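Notes follow once the structure below has been shown.
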Amino acid sequence: MDFQKEYKKKLVTVDDILAKIKSNDIILPALVGCEPTAVLQRIHEIDNRVENVRIYATLEFNQFPFKDPNVDVKNIKTMSYFFGAGSRGLHPLKRATLLPCHLRNFCSFGLESKRPNIFMASVTPMDRFGYFTMSLSQVLERPFLEAADMVVLEVNDQMPRVQGDTMVHISEVDYIYEHSHDIVSIAAQKPGEKEKKIGKYIADFVEDGDTFQLGIGAIPNAVAESMMQKKDLGIHTEMFTEGMMELMQAGVVTNRKKTVHRGKTVATFALGSKKLYDFLHDNPAIAMLEGGYVNNPYVIAQNNNMISINTTLQVDLTGQCCSESIGNRQYSGIGGQTDTVLGALMSPNGRSVIALLSTTKDEKISKITPFLTEGAAVTLSRNDVDYIVTEYGVAKMRGMSIAERAENLINIAHPKFREELKASAEKLHIW
Ligand code: COA
């Protein structure tokens, strides 16, 4: 096959792609930095020509006019496994809906009930063997690409080449357009004093030689900072972050003690700054693998000494965690929270930590409450919760009765809410 000839034959414009989208299509844009930005930037222009176009919007960090509540779009809606700012804004207008699902099942459940017929991704330029690299996310891309009727690639010469299950061959592609642009980036949230305290408590849980996973948010970044004195750590994670990059650069993460994928950091997507993307480019120590595999608890558990560290929005005195909604207002999604917790708990010497600030930033609301607010989603069941950490200490949940859980959690609540929590526990029979 003459790859260059194939490439030219498949090369089209953004207008050509927009013209091919029709009513009832389901579109799967690749996630985070792999979103096909040029088409999504203009897709609202076809709103008056189509009906019932649905776009998967998961881990969305780019903003586009079709997701702007102020832009009148009626016929293009989003469905999301994990709300970002875009879906959060569209939700009250009935232009976005949530697909509750563990990350490990995104592909299998999605393909069974809502198969996307169009797949689009932003990728690296083609190499001399006819391969593009779908660099920064493998959460669900490969199975959806294979199941789609039409595969469109946006070639972005600024995309890093990341190793793993990331290759797409020209023979699998229907259309290509070129669009050079900066990749969406987020600055690492700098940990404050409280986050640093949490980081220190968690560092006590981490032993040299452990393999760890860190979730999304400011607290996991503080945790990464606090692990700088450890040795021979390994990474098996859903999200690869700036903090993890720094641990690799400092030689703290060697992956030498891992019992599966020894020598490699395993992740399923990466999000950060340009520095992070440069670090990932051609880095043989990283394997970006499919989400259904990476987040499968049986796979996670093959790592001995696995520790999962995630955060939540609200925890009740029985240990139920809501990590995705504020009351009935959907904020994000479950992602891989339960996947990673279960995997860690199934691992020999595994541990799982949920770390959160005891209150919201203004200290007006306690995040530890007698029961979850009405409408709040139970992201992590109280049967699976292991340790909970705030800036006031560690509350052990494993093996604890409801009465012991309530006592342990009240002890790590903000002092100004403790009496109120004790009184509620009495009144509501939380024992
Ligand atoms: N009541 C009311 N508001 C609350 C609240 C509570 N109990 N807890 C948090 N909030 C508000 C915050 O004030 C903040 O509001 P702002 O945006 O106006 O500042 C907002 O909710 C987000 O809270 P924050 O603590 O800053 O969130 P975060 O960025 O650290 O993310 C999660 C935390 C839990 C939303 C995020 O980690 C998540 O979605 N987790 C689920 C998926 C997961 O854990 N996957 C694991 C593998 S990656």
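The values are calculated or read from the model by the stated rules, or taken from the named source; none is laboratory data. Nothing here was measured: the structure is a model prediction, and the numbers come from that model. Glycine also receives a Cβ, built like all others from the backbone with ideal geometry; neighbour counts cover every protein chain displayed. We work out accessible area using only protein heavy atoms, side chains counted, and drop any ligands, DNA or RNA first. Shrake-Rupley method; radii C 1.70, N 1.55, O 1.52, S 1.80 Å.
A few points about this structure:
- Between the C-alpha center of the stretch 1-43 and that of the stretch 140-202 there is a gap of 16 Å.
- Helix-derived mean residue ellipticity, 222 nm - over the chain, DSSP H n ≥ 4, -39500 (n - 2.57), to 500: -7500 deg cm²/dmol
- Sulfur and carbon atoms: percent of accessible area, the stretch 1-108 [1.4 Å]: 50
- The stretch 287-358-the stretch 205-252 distance, computed between alpha-carbon centres (Å): 15
- Build a GNM of the chain with springs between Cα atoms under 10 Å apart, and of 178, 45, 195 the one that fluctuates most is 45.
- Counting only DSSP beta bridges whose two residues both lie in the chain, roughly 25 percent are antiparallel.
- From phi via Karplus (6.51, -1.76, 1.60), per-residue ³J(HN,Hα) for the stretch 157-167 in Hz, x at Gly/Pro: 6, 9, 7, x, 9, 10, 7, x, 8, 9, 7
- Amide hydrogen neighbours beyond the local backbone of residue 178, cut-off 5 Å, H modeled: 155
- Ligands, DNA and RNA are left out, and with a 1.4 angstrom probe the accessible area of the chain is 41 Å² per residue.
- Other-chain or far-sequence residues with amide H under 5 Å of residue 98's (modelled H): 80
- Under the criterion of Cα pairs below 8 Å and six or more residues apart, the relative contact order for the stretch 354-431 equals 31 percent.
- The listed peptides 164-170, 116-122, ordered by packing as a protection proxy, come out as 116-122, 164-170 (highest mean of other Cβ atoms within 10 Å first).
- Each DSSP beta bridge with both residues in the stretch 229-365 is either parallel or antiparallel, and the antiparallel ones are about 25%.
- In percent, rounded to a whole number, the relative contact order of the stretch 198-313 is 31, using alpha-carbon pairs under 8 Å and six or more apart.
- Per the Kirkwood formula applied to alpha carbons, the chain shows a radius of gyration over Rh ratio, Rg over Rh, of 0.99.
- The fraction of Cα-Cα pairs per 10 angstrom bin, counted from 0 for the stretch 79-135, comes to 19, 33, 33, 13, 2 percent, rounded to whole percents.
- Within the accessible area of the stretch 325-409 (1.4 Å probe), percent carbon and sulfur: 51
- The value of relative contact order for the stretch 1-134, using C-alpha pairs under 8 Å at least six residues apart, is 27 percent.
- Nearby aspartates and glutamates by direct alpha-carbon distance to residue 367 (threshold 16 angstrom, same-chain neighbours under 8 apart not counted): 195, 316, 324, 391, 407, 419, 420
- The stretch 130-226 - percent of accessible surface contributed by carbon and sulfur, probe 1.4 Å: 45
- Farthest toward the positive end of the dipole of the stretch 339-431, out of 408, 376, 343, is the Cα of 408, where the dipole comes from beta carbon charges about the Cα centre.
- Dipole of the stretch 163-248 computed with +1 at Lys/Arg Cβ and -1 at Asp/Glu Cβ about the Cα centre; of 245, 164, 189, farthest Cα towards the positive end is 189.
- Viscosity 1.002 mPa s, 20 °C: Kirkwood-radius Stokes-Einstein D of the stretch 355-431 over Cα pairs, µm²/s: 167
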